[in-house]
Amino acid sequence: MLDFEKISVDQILVLSEIVSESDLLQTEFVEQKYLRRASNFSETISLLQELDLIGIIKDRIVLRARYKVFLEKLAKSQQHKLLLKIFMVNCILDRKTSVSEYLSQFLSLFQYSSGRFEFSPSISQRLKYSGLRNFLMDLEFLYLNDAETKYVISDEYSTIYSELIESGQLSLDEFLKIQQNKSEIGTAAELQIVEYEKQRLSRFPDLSQKIEHTALKDIMAGYDIRSFDEMLDDSGCHSARYIEVKAVSQWNYQFHWTMNEIKKAREICLNYYLYLLPVLGKRNFDLEGLKIIRDPISNVYNNSSNWIRKDEVISFSLIRDD
């Protein structure tokens, strides 16, 4: 088991910056550079190995694909620590390792109460999970309540909510509160894209004024925003751009697409756009990571080489004899 008492966000960040900037990834060389700025090299490197972010072959550090993608984002961003925290939480939750198993044991102790997940530990539980707890607090995944008697999971990590929902620990009212929170994040993402579109069309003030936040008045439209293309079409007009906004994880861009939205995308093809906006926090989005996908039926739905499709909901209806 990893010694979480000797692992911190700052240490992982130091190591990440070193391997990102170095062409020579010999373990001894990286360790020497690391120890000038941080401590507990072996524990930090072990965590990255456990999460399958790196491998060590013949005393050389080998970066895995997921970690390479993160390091590329890190190099372009001004928010190194925030990106690292979100990345590490996603890694711990996604990977089926001893780390995720240990985390699952800890999370199973949390209960949904008064709009949040919380856990009041006994003295023995405080001691047993102290290292993991401190690391999760360092990641801002959880925090202590004001009285310092309970651990509370931060609102931003709704992934945990959905896992606990599946375990049957929530009542209908509690589930609806969580769904409302997700809805609020979705609306905030839509408002962010409305402003983005206004900026994109700032050279065309007449078009910018006509941008419509459709979802506020017609939830069955099959898209959220009606905007316009900058280029003129064959008839000399600015074609409408029908935008469906999805607030997504910045690492895998997973989203849910309803049948109504898919139907609309099929109908209008090249004029239908998916805007996948990564969430950094409850009201904080990564516009630099925004993915704009035109004709998502062709480029997502029928593109199995780049997108993994999961049919998670199956609908049934009764065959009537009359």
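The values are calculated or read from the model by the stated rules, or taken from the named source; none is laboratory data. Here the structure is a predicted model, which is why all the values come from computation and not from measurement. Neighbour counts are summed over all protein chains in view; Cβ atoms, including those assigned to glycine, are modelled from backbone coordinates with ideal geometry.
Taken as a whole, the structure leaves Glu244 outside the set of residues that are part of a helix (DSSP H, G or I) and closer than 30 Å to Asn90 by Cα. Residues that are without any contact (Cβ under 8 Å) to a residue 24 or more places away in the chain and either outside the structural domain of Ile18 (by TED's automatic domain parsing) or not charged (D, E, K, R) (or both) within the range 55-66 comprise Gly55, Ile57, Ala65, listed in sequence order.
Applying the condition of being among the charged types (D, E, K, R) and outside any helix (DSSP H, G or I) to the range 41-59 and asking which residue is farthest from Leu132 (Cα to Cα) yields Lys58. Just one of the listed residues (Ser22, Ser77, Ser42) is surrounded by 14 or more Cβ atoms within 10 Å (Cβ to Cβ) and small (Gly, Ala, Ser), namely Ser77.
Output the qualifying pairs, or none if there are none: Cβ atoms under 7 angstrom, residues six or more apart or on different chains, first residue in the range 31-44 and on the phi < 0 side of the Ramachandran plot, second residue part of a loop (DSSP other than H, G, I, E, B) and exposed (fewer than 13 other Cβ atoms within 10 Å of the Cβ). Final answer for the pair search is Glu43/Asp3. Does Ser8 qualify as being surrounded by 15 or more Cβ atoms within 10 Å (Cβ to Cβ) and in contact with a Leu (Cβ under 7 Å, 6 or more places away or on another chain)? Against the criterion (surrounded by 15 or more Cβ atoms within 10 Å (Cβ to Cβ) and in contact with a Leu (Cβ under 7 Å, 6 or more places away or on another chain)), Ser8 does not qualify. Of all residues in the range 213-241, those being assigned to a loop (DSSP other than H, G, I, E, B) and either in contact with a Leu (Cβ under 7 Å, 6 or more places away or on another chain) or within 30 Å of Ile86 (Cα to Cα) (or both) number 3. Being in contact (Cβ under 8 Å) with a residue 12 or more places away in the chain, in the same structural domain as Ile153 (by TED's automatic domain parsing) and surrounded by fewer than 17 Cβ atoms within 10 Å (Cβ to Cβ): is that true of Gln111 here? It is true that Gln111 is in contact (Cβ under 8 Å) with a residue 12 or more places away in the chain, in the same structural domain as Ile153 (by TED's automatic domain parsing) and surrounded by fewer than 17 Cβ atoms within 10 Å (Cβ to Cβ). On the given criteria, is Leu48 in contact (Cβ under 8 Å) with a residue 24 or more places away in the chain, within 20 Å of Asp3 (Cα to Cα) and not acidic (Asp, Glu)? Criteria met by Leu48. Condition (residue is surrounded by fewer than 16 Cβ atoms within 10 Å (Cβ to Cβ) and part of a loop (DSSP other than H, G, I, E, B)) applied to the range 29-36: is it met by at least one residue? Checked against the condition, which is being surrounded by fewer than 16 Cβ atoms within 10 Å (Cβ to Cβ) and part of a loop (DSSP other than H, G, I, E, B), the range 29-36 yields at least one hit. Of everything listed in (1) more than 19 Å from Glu288 (Cβ to Cβ); (2) part of a helix (DSSP H, G or I), the single unmet condition for Val62 is (2). Only one of (1) over 18 Å from Lys310 (Cα atoms); (2) part of a helix (DSSP H, G or I) fails for Lys210. Which number is that? Condition not satisfied by Lys210: (2).
Of the residues in the range 2-40, how many are of a type in the set (D, E, K, R) and in contact with a helix residue (DSSP H, G or I) (Cβ under 6 Å, 6 or more places away or on another chain)? Qualifying residue count, the range 2-40: 6. So is Phe117 at pLDDT 85 or above and surrounded by 19 or more Cβ atoms within 10 Å (Cβ to Cβ) or not? Considered against the rule, which asks whether it is at pLDDT 85 or above and surrounded by 19 or more Cβ atoms within 10 Å (Cβ to Cβ), Phe117 comes out as no. Meeting the requirement of 3 or more residues that are touching a Ser or Thr at 6+ places or on another chain (Cβ under 9 Å), the helices (runs of 4 or more DSSP H) wholly within the range 93-143 are 130-138.
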